[in-house]
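Structure first, commentary second.
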Amino acid sequence: MNDADLLRSLGVNPSTLDPAPASRWRNAGPERLRGRRPCVRCGEPARAAGVVDVPGYGRRWLDRCMPCLIATTPRSDGPRAPLADTLAVLREAAREAGVALTIVPGEA
Ligand SMILES: [Zn+2]
């Protein structure tokens, strides 16, 4: 499911979403989440803000509450990245952001 498909499934017209800044990131920083924006699906306060990139509209903020985020996040049936690759991406993101990252094994 691409971003245009996601918005169609949510019944959201991309022209109604706020333009998002150019960046390689697709998630919001805390400044966006402090804005008390409504979830695009149900109107409850949004707890997650992501970026969609739709042809003809560009990058737009997609604000969702947690239940709607979970309910509308596409699940991949394709191959999953090895854990080592995922951890490498997290470490690189933390290095770029200048923050410390500690990964603590959890109980399975
Ligand atoms: Zn919602």
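What follows is calculated from the coordinates using simple rules that are stated; it is not laboratory data. Keep in mind that what you see is a predicted model, and the values were worked out from it rather than measured. Cβ placement follows ideal geometry from the backbone for every residue including glycine, while neighbour counts extend to all protein chains displayed.
Which ordering of W61, W25 is given by a fewest-first count of other beta-carbon atoms within 10 Å?
W25, W61
Against the globular-protein guess of 2.2 N^0.38 Å, express the Cα radius of gyration of the stretch 3-78 as a ratio, rounded to two decimals.
Values: Rg = 11.8 Å, N = 76, 2.2 N^0.38 = 11.4 Å.
Dividing the Cα Rg of the stretch 3-78 by 2.2 N^0.38 Å gives 1.03.
Angle check, please: helix 83-97 long axis (alpha carbons) against the longest principal axis of the chain (alpha carbons), in degrees 0 to 90, nearest 10.
70 degrees
Not counting the cut sites, what is the longest span of the chain without trypsin sites (Lys or Arg not before Pro) that DSSP labels loop and that have at most 10 other Cβ atoms within 10 Å?
Here the longest segment lacking exposed loop sites spans 37-74.
Ranking L10, L17, L83 by Cβ neighbours within 10 Å, fewest first, what do you get?
Going from sparsest to densest Cβ surroundings: L83, L10, L17.
Can you compute the helix-only [θ] at 222 nm over the chain? Use -39500 (n - 2.57) per DSSP H run of at least 4 residues, normalise by all residues, nearest 500 deg cm²/dmol. Walk me through the numbers before you get to the answer.
On the way: 4 runs with 34 residues, N = 108.
Calculated from helices alone, the mean residue ellipticity at 222 nm is -8500 deg cm²/dmol.
Mind telling me which of A71, A93, A20 comes out most flexible in a GNM of the chain, alpha-carbon contacts under 10 Å?
A93
Just V51, V12, V89 to compare: in a GNM of the chain, with alpha carbon springs under 10 Å, which one fluctuates most?
V89
Sticking with the crude label model, points 7 Å out along Cα→Cβ, report the distance from N2 to I70 in nm, one decimal please.
3.0 nm
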